[in-house]
Amino acid sequence: MAGDMKIDTTNAAEMDYPEHEKTYTLFIGMFKWGSLFLIALLVGMMLGLIMGSGVITSVLGFIVVLAIGWFALR
């Protein structure tokens, strides 16, 4: 159909390593802070919905978990 593909494996393409490192750092940071946000959200939902503590306690629990996580992950 398309014939044999000829791929030159002797000369590797140049990589932009600083750009790779920036992308990796961004990915790890987004994963870390996104995980913290989701954990804080789940704790807030647990306090407000399952334990029946109310909206104010739920929001305060969310903020407290975010603050603890921010100090722990900096």
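Taken together, the values in this text are just the output of simple stated rules run on the coordinates, not laboratory data. No experiment lies behind these values; they were computed from the predicted model shown. Glycine also receives a Cβ, built like all others from the backbone with ideal geometry; neighbour counts cover every protein chain displayed.
Below are the figures for this structure:
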{"quantity": "Region 49-74, subset of a type outside the set (A, V, I, L, M) and in contact (Cβ under 8 Å) with a residue 12 or more places away in the chain, residue surrounded by the fewest Cβ atoms within 10 Å (Cβ to Cβ)", "calculated": "Trp70"}
{"quantity": "Some residue of region 41-58 being of a type in the set (Ser, Thr, Tyr), in a helix (DSSP H, G or I) and out of contact with any Phe, Trp or Tyr (no Cβ under 7 Å at 6 or more places or on another chain)", "calculated": "yes"}
{"quantity": "Cβ pairs under 7 Å, 6+ apart, first in region 19-38 and within 29 Å of Leu60 (Cβ to Cβ), second not aliphatic (A, V, I, L, M)", "calculated": "Leu36/Gly69"}
{"quantity": "So Thr10, is it of a type in the set (S, T, N, Q) and exposed (fewer than 10 other Cβ atoms within 10 Å of the Cβ)", "calculated": "yes"}
